[in-house]
1. How large, in percent, is the carbon and sulfur part of the accessible surface of segment A:3-91 at a probe radius of 1.4 Å?
2. Too long at a 32 Å Cα-Cα cut-off: which of A:K449/A:K611; A:K119/A:K423; A:K132/A:K229; A:K132/A:K611; A:K98/A:K439; A:K320/A:K439?
3. From a point 7 Å beyond the Cα of A:L346 in the direction of its Cβ, which residues of segment A:314-336 have a backbone N at a distance under 16 Å?
4. Which residues does the label zone of A:D71 cover in segment A:77-108, counting backbone N under 17 Å from a point 7 Å along Cα→Cβ?
5. From the helices alone, meaning DSSP H stretches of at least four residues, give me the mean residue ellipticity at 222 nm for chain A, per-run term -39500 (n - 2.57), in deg cm²/dmol to the nearest 500.
6. Answer with one residue from A:H302, A:L598, A:Y179: the one whose Cα lies farthest towards the positive end of the charge dipole of chain A, charges on Cβ with Lys, Arg +1 and Asp, Glu -1.
7. Show the residues, 5+ positions off or on another chain, whose built amide H is closer than 5 Å to the amide H of A:I160.
8. Cut-off under 20 Å on the C-alpha distance; same-chain residues fewer than 8 positions from A:K269 excluded. Which aspartates and glutamates are left, in chain and number order?
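The values are calculated or read from the model by the stated rules, or taken from the named source; none is laboratory data. Model, not experiment: these values are computed from the prediction. All Cβ positions, glycine included, derive from the backbone under ideal geometry; neighbour counts span all protein chains shown. Ligands, DNA and RNA are excluded from the accessible area calculation, which covers all protein heavy atoms including side chains. Shrake-Rupley method; radii C 1.70, N 1.55, O 1.52, S 1.80 Å.
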Amino acid sequence: MRVLSLIRSRFAPILATWLTEPEALASALERIVASRESHLADYQANVAMPLQKKLEKPPLAIAEEILSKLDLSDICSSVSIAGQGYVNLRLSPEWLAKCLMEAHLDPERLAVGLAANPKTYVIDFSSPNVAKPMHVGHIRSTVIGDSVTKILRFLGHSVISDNHLGDWGTQFGMIIYGYKNFRDDVAFGQAPVLELSRIYRVVQKIIGFQDAVSNIPKLELAMERAEEKSAESKFKSAAAPQDKKLAKDFATAFKQLDEANDELAKSKKYIEETSRDAEFLECSKQHSQLGQRVLKETSKLHSGDAENLKLWEAFVPNCKEEIHSVYKRLNIQFDHEFGESYYHDLLPAVVEDLLARSLAVQSDGAICVFLDGYDAPMIVRKQDGAFLYSTTDIATAIFREREFAPDVSLYVVDHRQGEHFQKLFDVLRKIGLSHTELKHVEFGTVCGKDGKPYKTRSGAVVGLNAMLDEAVSGAWDVVCNPDRLQGSGLAFSEAEKRQIAETVGLGAIKYADLCHNRTSNYIFDMEKMVQLHGNTAAYIQYSYARTRSILRKAQAEGFETNQWQLAPLVLSASPEVNLGLQLLRFEDMLNQSMVDYLPNVVTEYLFDTAKLFSSFYDQCSVLDAETPESTRSRLRLTDLTSLTLRKGLELLGIGVVERM
RNA sequence: GGGCUCAUAGCUCAGUUGGACAGAGCAACGGAUUUCUAAUCCGUAGGUCGUAGGUUCGAGCCCUACUGGGCCUACCA
């Protein structure tokens, strides 16, 4: 039910007499919102105050005038003026009940309308590098992207999801080189993906070590510079002790010196420790300049070298299979999975086109697009002739344009790539993709309890599958705790227990990710998210299970579904009204959540709904109500709550269980 | 050096795009119960929204400066 637009439509003609410009009118209408002050109003219009200058009247007088022309008698039980000029609306319980009954008659869509102007979206999300082990960092893009896809589709838009797999980059050079030099044939035969991931780590470790070694002179130079600067600014500051800016410069320079010192020491320590492993050291010697060798393998692959291409063709299906097993477990599907490799043949033409348009130029042997407002150009072809992800991204956008002609193109990618996307969008607009709205749906970093990017104590990145297992086993420990099961009188089969633990555990992971505003970093705390009270998936899933329990029990006590499915809904007790108001807001909330693609608007709504239901549950007995009419009405309200919770969780990609 | 971003209760985070006394969860404290699954409910306490100015009828939100963290900054993705 679109309550806001209905109420706004009643205000519109009144406000239009003062606000003749459509934009001014639209922004005034947006000042009509669901009220935060539930003790004062259900909805409120904050329209009188901003008009006081224009109309040269006190806001209260303006509010009076609005009120005299406003007819909401069919919807509201009271319309009043409060504070400095707020127009407060209270919905009539009858109208509220009528709307909720309509929603209840439509269990699939809950009377949520389809978009009046449906758009075509292309959404690019998840997009992991297939040869690297998938880790917790990939989950945000995957979970947020999946949820946005589901919500937009539910609202009636056409959404094309594409998993832009990193299946063509430098990491393949790494595993190709590693396969040629470090493979264990037996291990590869038994579990290719595991062996490839081991190989990947071996290569990565050597490159990391060699980089650290070759970086030392640079760090030493930086140290020296910092020392000089610090000494210089100390001298300057001493000469003019009153100058605050100089004193500050000195402090900054000193701090930078400290940092440079620290970094150098850390790097030396790492090298020293790693060098103790004689075998590793020997291996690193044998494969000197590994970074270069890897780039050569990559470049050979890209230029069609038969051996490397054959290896790539052998590796990719294995890698994909591994990744698909994670998607299957998370119940996530994509319409397309054109990886980076799909665009490879198109890249030379992209660069040619950029050169022909004089957008790109040669610089230091590379081909670059220089853009206003940025120091560094966007490089589309390297000195060695290889293409970069920028080039692929341009080719991808052109392909999508031709294939899908989207109105909106969403990229659900880490916020660190913000500048890359700004540049990319700049270039895309310049080559004529101007009618497509390009949007980087960025998200923050997942951190550990220490506030730093999530890693295990040893520093290794935590694998995704292991993390999911941990969540599921954590859920099992709490949900299937024998004490609790005995206390609640529930008897689950082993299979049901497993099903519950899986649903709750995976829900916990997804929910923890979605319930934070996507733009902020968040601290990943497995213990907390698997706990079953507070703002967690389990609390909502539990509320759902309670709704189902009541409905089952009603059936058992002889309330046949057809006795109450069409019974009148009467909202009298305040928990009933509060819950009803919340359920009424479902559609407005979904639309709000997609204004800026924020799934946390949905999680917050569901958490509030679950809390209001718990309150209702506590204070209003359904099966033991004063009258049979009341029981029937409450059964209907419970059922609608049940459907709303389930649909809301479904739109987040989170499942429910009938008992838990 | 340039750019982006963040700073809200002891902790983790919201804050409907500028509206009423700043909210929730966790932790703490005090109540409720032999339950339609207590994994619950009701209540108490906890905040000069990093600092200082500015714009506005009105600022956690917008502008400026400052402080302190994170990230990016030419051939990785």
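1. In segment A:3-91, the share of accessible area belonging to carbon and sulfur is 52 percent.
2. Long pairs (Cα-Cα over 32 Å): A:K132/A:K229; A:K132/A:K611; A:K98/A:K439.
3. A:336
4. A:77-79
5. Result for chain A: -19500 deg cm²/dmol, rounded to the nearest 500.
6. Of A:H302, A:L598, A:Y179, it is A:L598.
7. A:Y121, A:V122, A:I123
8. Cross-link targets: A:D211, A:E220, A:E224, A:D258, A:E259, A:D277, A:E279, A:E282.
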